[in-house]
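Student: Here you go, one structure.
The values are calculated or read from the model by the stated rules, or taken from the named source; none is laboratory data. These numbers were taken from a predicted model, which means no experiment stands behind them. So basically every Cβ, Gly included, is an ideal-geometry build from the backbone, and we count neighbours across all protein chains shown. Quick note on the areas: whole protein, heavy atoms, side chains included, nothing else; ligands and nucleic acids left out. Shrake-Rupley method; radii C 1.70, N 1.55, O 1.52, S 1.80 Å.
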Amino acid sequence: MFDDDATPIAALNHAGMTFARASRPHPDGPPKLRAETVNFWYGEKHALIDVDLEIQAGETTAFIGPSGCGKSTFLKCLNRMQDNVRGGRMTGTILMDGDDIYSEAVDPPVHRRRFGWVAQKPNPFPWSVHENVAYGPRIHGLSQSAADEAERVERSLRRTGLWEELKDRLDAPGTELSGGQQQRLCIARALSVEPEVLLMDEPCGSLDPISTETIEALIQELTADPASTLAIVLITHNMEQAARVAQQTAFFKLGRMLEKGPTAALFAAPQTDDCADYLAGKFG
């Protein structure tokens, strides 16, 4: 696509970008999640077309592409949130730790417990800060005592940078926090159940720049530990955000996953004209 001696237009457009840390070597064996020829329909609408993708533990994968290209549909296929969509139908295979997540042997509610979910708009429960974080571990039987529950709440709030801000306001309604605090509370709520995969659908889409910076720093910290096995999948329309937090990036258009690879390499030298045009801001 590019001459050997030419500077790729995407590299010019994204000169000076800060990129996420490089991926660490992947362990032997299958990835955390693997999609093989995944298709999805909403009635007659073919929303996903032959998607093949691998997602590794211990790193962040960003999904980019124009609105309506299938990113959110695919994200929800991973934790089977699409199961009850009227007229929805999926074909293909999605493996988690090598096992087919759509096998008859898999209980969907049990499968969903392996995931945390963070939506675009903060949606704390209309309960106290403590109860927002404690509810998940309690109903899943993870908290063994009141002391254990309190420790889990503190640990989750510390991971999201909220403990020092809210330790004296644990009884305050979560809905009374600022927008950025509410979103971090939702992330703390998701992390409290110790998910294996954290799914984030435009988590900074409704936040101010300062709150966005805080959330991005949190995403980076969650996989910075070499021992971390958490996989994060992030949908974003912010190219700079994808560059800063994601080790891998997948580009979607019109239901197809057209390109995927290390973020810095994809941004510097996209292999398809569609991806190059999107990164250059020609559509979106």
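Student: Packing-wise, with mean Cβ within 10 Å as the measure, how do 174-180, 192-198 rank, highest first?
Tutor: Most protected by this proxy first, the peptides run 192-198, 174-180.
Student: Kindly identify the range 102-152 as rounded, prolate or oblate by the Cα gyration tensor criterion: order the square roots of the eigenvalues as a ≥ b ≥ c, call it rounded if a/c is under 1.5, otherwise compare a/b with b/c, prolate if a/b is larger, else oblate.
Tutor: Oblate.
Student: Taking only protein heavy atoms into account and a 1.4 Å probe, give the accessible area per residue of the chain in Å².
Tutor: Normalised by residue count, the accessible surface of the chain is 47 Å².
Student: Still on this model: Rounded to the nearest 0.05, what FRET efficiency do Arg86 and Asp107 have when you use their Cβ-Cβ distance and R0 = 22 Å?
Tutor: Approximately 0.50, to the nearest 0.05.
Student: Pop out the carbon and sulfur fraction of the accessible area of the range 112-184 as a percent, whole number, probe 1.4 Å.
Tutor: Carbon with sulfur: 48 percent of the solvent-accessible area.
Student: How many percent of Cα pairs in the range 123-238 exceed 20 Å?
Tutor: Counting pairs separated by more than 20 Å, the tail of P(r) holds 39 percent.
Student: Share of the range 224-284's accessible area from carbon and sulfur, percent, 1.4 Å?
Tutor: Within the range 224-284, the accessible surface is 53 percent carbon and sulfur.
Student: Which value in nm describes the separation of the simple spin-label points at Glu221 and Arg114, placed 7 Å from the Cα toward the beta carbon?
Tutor: Taking the simple label geometry, Glu221 and Arg114 are separated by 2.8 nm.
Student: How much length would be gained if the chain were fully extended between Ala147 and Asn123, taking 0.36 nm per residue of separation minus their Cα-Cα distance, in nm to one decimal?
Tutor: Gain in length upon complete extension: 6.0 nm.
Student: Using R₀ = 25 Å, calculate the FRET efficiency as 1/(1 + (r/R₀)^6) where r is the Cβ-Cβ separation of Ser206 and Asp277; round to 0.05.
Tutor: Working: r = 27 Å, r/R0 = 1.08.
In this case the efficiency is close to 0.40.
Student: Using mean Cβ contacts within 10 Å as the protection proxy, how do 255-266, 70-81, 44-55 order, highest first?
Tutor: 70-81, 255-266, 44-55
Student: Still on this structure, I have one more. Listed highest first by mean packing, meaning other Cβ atoms within 10 Å per residue, what order do 58-69, 220-231 come in?
Tutor: Answer by packing, highest mean first, reads 58-69, 220-231.
Student: Let me ask something additional. Return the long-range amide H neighbours of Gly261 (sequence gap of 5 or more, or a different chain), with a cut-off of under 5 Å between placed amide H atoms.
Tutor: Distant-sequence amide H within range of Gly261: Thr249.
Student: Springs between alpha-carbon atoms under 10 Å, Gaussian network over the chain: tell me which of Pro122, Pro109, Pro270 tops the mean-square fluctuations.
Tutor: Pro109
Student: For the chain, what does the helix formula give at 222 nm: sum of -39500 (n - 2.57) over DSSP H segments with n ≥ 4, over the residue count, nearest 500 deg cm²/dmol? Kindly include the intermediate steps, with their values, before the conclusion.
Tutor: Details: 11 runs with 94 residues, N = 284.
Estimated from H runs of four or more residues: -9000 deg cm²/dmol.
Student: Next question. Find the Rg to Rh ratio for the chain, where Rh is the Kirkwood radius over alpha-carbon pairs and Rg uses the same atoms.
Tutor: 0.98
Student: Could you work out the equivalent-ellipsoid semi-axes for the range 190-284, taking the square root of 5 times each eigenvalue of the Cα gyration tensor, largest first, in whole Å?
Tutor: Numbers: eigenvalues 120, 49, 32 Å².
The answer is 25, 16, 13 Å, longest axis first.
Student: I need the calculated FRET efficiency for the pair Lys45 and Thr229, taking r as the beta carbon distance and R₀ as 45 Å, to the nearest 0.05. The partial results should precede the final answer.
Tutor: Values: r = 36 Å, r/R0 = 0.80.
With a Förster radius of 45 Å, E is 0.80.
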